[in-house]
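S.K.: After the structure tokens below, expect a handful of questions from me.
The values are calculated or read from the model by the stated rules, or taken from the named source; none is laboratory data. Being a predicted model, the structure only gives us computed values, none of them experimental. As a convention, Cβ positions derive from the backbone with ideal geometry for all residues, glycine included, and neighbour counts pool all protein chains shown. Heavy atoms of the whole protein, side chains included, go into the accessibility calculation; ligands, DNA and RNA do not. Shrake-Rupley method; radii C 1.70, N 1.55, O 1.52, S 1.80 Å.
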Amino acid sequence: MNVPPEQPVPTPQSGARHSVRAAGNEPMTLTDGGQGTGAPRLTDVDELTGLRGLRTWRDVYLFVFGCFVLWVVLLLALTMSYS
Amino acid sequence: MNPLDFAVLIGSLLAIAAYGTWHTRRHRSLDHYLRGDETIGWLTIGISVAATQASAITFISTPGQGYESGLDFVQNYFGMPLALILIAAVFLPIYRRLNVYTAYEYLGHRFDAKTRLLGAALFLVSRGLAAGITIYAPAIILSTVLGWRLDLTILLSGLLVIVYTVAGGSQAVTLTQKWQMAVIFGGMVAAFVILLMKLPASLGDAFTIAGGFNKLNAVSFSADPHRRYTFWTGLLGGFFLSLSYFGTDQSQVQRYLSGSSLRESRLGLMFNAVLKIPMQFFILLLGVMVFVFYQFEKPPVFFNHAAWQQAVRQDADGKLGTLQQEFNTACAQKEQWIHRWLDAKHAGDRTAETAAQSQALTALEHVNTLRADARAVMEKDDPGVTSNDADYVFVTFVLDHLPHGLIGLLMAAFFAAALQSKSAELNALGATTTVDFYRHLLKRDASDAHYLAASRWFTLFWGLMAIAFALYANLVENLIQAVNIVGSVFYPVVLALFLVAFFLKRVGGTAMFWGALVAQLLVLAVYLLHYRFPQLDFSYLWYNLIGCAACVLLSRILQAALGSTPKPVTATPAS
């Protein structure tokens, strides 16, 4: 039942640092984002968000988390106002 | 409904279906059929992901939840933004790197073929069941509204979605979803505006009434395990439910993998992470405002008109007629107390306001008791009758109180919502059957055209299966809860398969497979045993945590028992 081996399987620990087969319109190589090495070792345009004010994905995730906290606080305020 | 409503309903649905079919009629390859157009941007992906999750049940049943229980159901979505962040950061890059068609291909790469097949099979079972429920929901509405036969309505709605999904594949799903969402939100926003205009009270008074009747309790930090929706169940259970649904359910994975790049897919997910909670809040608030509206307008004793009329005809003792009269009187008394309550509030008389509010609450309890009595009589006269009418609340309001034209638009919105989620489900079921079973097990070296044809046939097969299931479904406690319960029973183990795959490198395929199988049996046992042992009747959202934790632990224990660390598993993505 096992399928023939061909390539290492990425995990969150390994995937960002291994070059793997090109996938569709994906780039051939992947980046580590340049963290800890000074300059990017590999190129990957997908790592750039292209958003003004939210330059890195970390910024985007923090923004989304902030929105979540804001919604919860507003809903809590509504609950307390009318309870 | 008048001819204008029928024109809006039929015209909009057929136009969208024809548009999707025509624009996607030529498929060059299996890749194009399963992934769609590679120029798809983040907004389209975001809408497609939202549309796949938001079925007719969302727009019919959720206002009913708001009417009955208030805003607390919104907590169900608290874990979703966090889950989507994790998926965007961890799951998505791996899927894209491996160039997989289905999420379960990854399990084959990481573990082995049997674990991949287990994950795919669990998806087919759970999504196949849910597909029947999602096709059943609009059929109930239209059969009630139009007086059509239920089986005929199921067949017509099912066949329409099959036609354009089989013909156009993933791209047709995405294209039609955009327009269907436009119809849905156009209809829902218009209904909300008309509702506010029809309210005899100001918006402030409406919120006072809703709050006074405990309909605005959106957040609860209660630790009671029997309480279904709390901050904790929503954050923890909702997190795991969302993680498994968005991260491992092929109907969602296929949506965001259709993006032209990782960036577009990620932003599409983040679009949903930001907007889902306010969207659900808006739909629930719509239900709460319908509740306020019916404090000034006498509601029906039972919102399913057809079932009520049939029960009255069968009621030889005339008990329902007597209850109807008592109900009318109780509603009138309640309305008087509400007016006194608001008058006292406007006069600034806090003591009189509190006293009138208390009397209004007592009157509301009396009204609810009479409704419960009526349901009991209906059930006694006909044990097969469905006594839960929450799913009919919003539809009844639309039909009885919205202007013609808008009624047709709302009916089109409900129908469109059913079609958009149904099409994504069929697309995913067809893809998984083709890629994970047919191509992987039965026919490995056929041509691309052969797999394209097979994918179409499997999509057709699942469409017909969903219709067959819907024909034999009964109205369960509440449709949206039923879908979530089915998901909570099957998703946690699938999620655990992926979590172990991503984060526990030392667990191999055999330990994972048997651990998952035992964990799935455990969740099923807990679910079934709650019927016999009421102490096990805790919120179904906890199944997500229990099943997932059990599966992870069992796989670790089994791997330790097996004694050896598995070799790194390697595989070809196209197997």
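S.K.: Could you list, ordered by first residue, the pairs with Cβ atoms under 9 Å in which the first is in segment A:57-83 and more than 9 Å from chain B (Cβ to nearest Cβ) and the second is polar (S, T, N, Q), at least 6 apart or interchain?
M.R.: Once the first residue is more than 9 Å from chain B (Cβ to nearest Cβ) and sits in segment A:57-83, its partners that are polar (S, T, N, Q) give A:Asp59/A:Thr49.
S.K.: Continuing with this model, one more query. Among the residues of segment B:375-398, what is the count of those that are small (Gly, Ala, Ser) and farther than 12 Å from B:Ala307 by Cα?
M.R.: Residues in segment B:375-398 being small (Gly, Ala, Ser) and farther than 12 Å from B:Ala307 by Cα: 2 in total.
S.K.: All but one of (1) open to solvent by 30 Å² or more (accessible area, probe 1.4 Å); (2) touching a Leu at 6+ places or on another chain (Cβ under 7 Å) hold for B:Leu156, so report the exception by its number.
M.R.: Checking B:Leu156 against (1) open to solvent by 30 Å² or more (accessible area, probe 1.4 Å); (2) touching a Leu at 6+ places or on another chain (Cβ under 7 Å), the one that fails is (2).
S.K.: Do you know which residues across segment B:367-396 are surrounded by 16 or more Cβ atoms within 10 Å (Cβ to Cβ) and farther than 25 Å from B:Ala470 by Cβ?
M.R.: We begin by selecting, within segment B:367-396, every residue surrounded by 16 or more Cβ atoms within 10 Å (Cβ to Cβ); these are B:367, B:370-371, B:373-375, B:377-378, B:381, B:385-396.
Hits for segment B:367-396 are B:Val367, B:Leu370, B:Arg371, B:Asp373, B:Ala374, B:Val377, B:Asp381.
S.K.: Moving to a separate point now. Report whether or not B:Thr153 is touching a residue at least 60 places away in the same chain (Cβ under 8 Å) and part of a helix (DSSP H, G or I).
M.R.: no
S.K.: Would you call B:Asp373 acidic (Asp, Glu), under 16 Å from B:Pro300 (Cα atoms) and touching a residue at least 12 places away in the same chain (Cβ under 8 Å)?
M.R.: Against the criterion (acidic (Asp, Glu), under 16 Å from B:Pro300 (Cα atoms) and touching a residue at least 12 places away in the same chain (Cβ under 8 Å)), B:Asp373 qualifies.
S.K.: So which of B:Ser143, B:Ser126 is more than 14 Å from every other protein chain (Cβ to nearest Cβ), farther than 23 Å from B:Gly36 by Cβ and within 17 Å of the chain's Cα centre (by Cα)?
M.R.: B:Ser126
S.K.: Considering only residues that are in contact with a Ser or Thr (Cβ under 9 Å, 6 or more places away or on another chain), open to solvent by 10 Å² or more (accessible area, probe 1.4 Å) and in a helix (DSSP H, G or I), which ones fall in segment B:298-341?
M.R.: Correct list: B:His305, B:Ala306, B:Ala307, B:Trp337.
S.K.: Select, from B:Leu429, B:Leu419, B:Leu460, B:Leu399, the only residue that is in contact (Cβ under 8 Å) with a residue 24 or more places away in the chain, touching a Gly at 6+ places or on another chain (Cβ under 7 Å) and either within 30 Å of B:Gly20 (Cα to Cα) or not in a helix (DSSP H, G or I) (or both). Can you show your working first?
M.R.: Details: B:Leu419 fails: touching a Gly at 6+ places or on another chain (Cβ under 7 Å); B:Leu460 fails: touching a Gly at 6+ places or on another chain (Cβ under 7 Å); B:Leu399 fails: touching a Gly at 6+ places or on another chain (Cβ under 7 Å).
One residue alone meets the criteria, B:Leu429.
S.K.: I would also like to ask the following. Within segment B:1-10, take every residue that is open to solvent by 30 Å² or more (accessible area, probe 1.4 Å) and in contact (Cβ under 8 Å) with a residue 60 or more places away in the chain and give me the one that is farthest from B:Leu402 (Cα to Cα).
M.R.: Once the filter is applied, the top-ranked residue is B:Ala7.
S.K.: Quick one: count up the residues across segment B:342-360 that are in a helix (DSSP H, G or I), open to solvent by 30 Å² or more (accessible area, probe 1.4 Å) and not acidic (Asp, Glu).
M.R.: We begin by selecting, within segment B:342-360, every residue in a helix (DSSP H, G or I); these are B:342-347, B:350-360.
Filter once more, so that each one left must be open to solvent by 30 Å² or more (accessible area, probe 1.4 Å): B:343, B:345-347, B:350-352, B:354-355, B:357-359.
Remaining after also requiring not acidic (Asp, Glu): B:345-347, B:350-352, B:354-355, B:357-359.
The qualifying residues number 11.
S.K.: Tell me yes or no: at least one residue of segment B:91-99 is at pLDDT below 90, on the phi > 0 side of the Ramachandran plot and within 11 Å of chain A (Cβ to nearest Cβ).
M.R.: yes
S.K.: If B:Met197 satisfies every condition in (1) free of Cβ contacts under 8 Å to residues at least 60 places away in the same chain; (2) touching a helix residue (DSSP H, G or I) at 6+ places or on another chain (Cβ under 9 Å) but one, which is the exception?
M.R.: (2)
S.K.: Please state which of the following conditions B:Trp22 fails to meet, knowing it meets all the rest: (1) without any contact (Cβ under 8 Å) to a residue 12 or more places away in the chain; (2) under 26 Å from B:Phe415 (Cβ atoms); (3) in a loop (DSSP other than H, G, I, E, B).
M.R.: In the conditions (1) without any contact (Cβ under 8 Å) to a residue 12 or more places away in the chain; (2) under 26 Å from B:Phe415 (Cβ atoms); (3) in a loop (DSSP other than H, G, I, E, B), B:Trp22 misses (3) alone.
S.K.: May I pose another question? Restricting to segment B:425-450, name every residue that is modelled with pLDDT of 90 or more and open to solvent by less than 10 Å² (accessible area, probe 1.4 Å).
M.R.: B:Glu425, B:Leu426, B:Asn427, B:Ala428, B:Leu429, B:Gly430, B:Ala431, B:Thr432, B:Thr434, B:Val435, B:Asp436
S.K.: Let me ask something else about it. Go through the residues of segment B:65-75 one by one and say whether even a single one is more than 14 Å from every other protein chain (Cβ to nearest Cβ) and within 20 Å of B:Leu275 (Cβ to Cβ).
M.R.: The first filter runs over segment B:65-75 and keeps only residues more than 14 Å from every other protein chain (Cβ to nearest Cβ), leaving B:65, B:67-68.
Add one more test, that the residue is within 20 Å of B:Leu275 (Cβ to Cβ), and what stays is B:65.
Yes; the residues of segment B:65-75 include at least one that is more than 14 Å from every other protein chain (Cβ to nearest Cβ) and within 20 Å of B:Leu275 (Cβ to Cβ).
S.K.: Now, a different point. Just checking, how many residues over segment B:252-297 are assigned to a helix (DSSP H, G or I) and among the acidic types (Asp, Glu)?
M.R.: 1
S.K.: Is it the case that segment B:407-421 has a residue that's surrounded by fewer than 19 Cβ atoms within 10 Å (Cβ to Cβ) and touching a Leu at 6+ places or on another chain (Cβ under 8 Å)?
M.R.: Taking segment B:407-421 first, the residues surrounded by fewer than 19 Cβ atoms within 10 Å (Cβ to Cβ) are none.
So far as segment B:407-421 goes, no, none of its residues is surrounded by fewer than 19 Cβ atoms within 10 Å (Cβ to Cβ) and touching a Leu at 6+ places or on another chain (Cβ under 8 Å).
S.K.: Would you pick out the residues in segment B:100-134 that are open to solvent by less than 10 Å² (accessible area, probe 1.4 Å), part of a helix (DSSP H, G or I) and not small (Gly, Ala, Ser)?
M.R.: B:Tyr104, B:Glu105, B:Tyr106, B:Leu107, B:His109, B:Thr115, B:Arg116, B:Phe123, B:Thr134
S.K.: Right, another one. If B:Val193 satisfies all but one of (1) open to solvent by 10 Å² or more (accessible area, probe 1.4 Å); (2) within 20 Å of B:Ala50 (Cβ to Cβ); (3) among the β-branched types (Val, Ile, Thr), what's the number of the condition it fails?
M.R.: Going through the list (1) open to solvent by 10 Å² or more (accessible area, probe 1.4 Å); (2) within 20 Å of B:Ala50 (Cβ to Cβ); (3) among the β-branched types (Val, Ile, Thr), B:Val193 breaks only (2).
Here's the yes/no breakdown for (1) within 12 Å of chain A (Cβ to nearest Cβ); (2) at pLDDT 90 or above; (3) open to solvent by 40 Å² or more (accessible area, probe 1.4 Å); (4) in a helix (DSSP H, G or I):
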position	(1), (2), (3), (4)
B:Ala201	no, no, no, no
B:Asn214	yes, yes, yes, no
B:Ala218	yes, yes, no, no
B:Phe221	yes, yes, yes, no
B:Trp232	no, yes, yes, yes
B:Tyr245	no, no, no, yes
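S.K.: Could you grab the pairs with beta carbons closer than 7 Å, sequence gap of 6+ or different chains, first residue in segment B:219-246 and free of Cβ contacts under 8 Å to residues at least 40 places away in the same chain, second one in a loop (DSSP other than H, G, I, E, B) and buried (at least 16 other Cβ atoms within 10 Å of the Cβ)?
M.R.: Short answer, once both residue conditions are applied: B:Phe221/B:Thr230; B:Ser222/B:Thr230.
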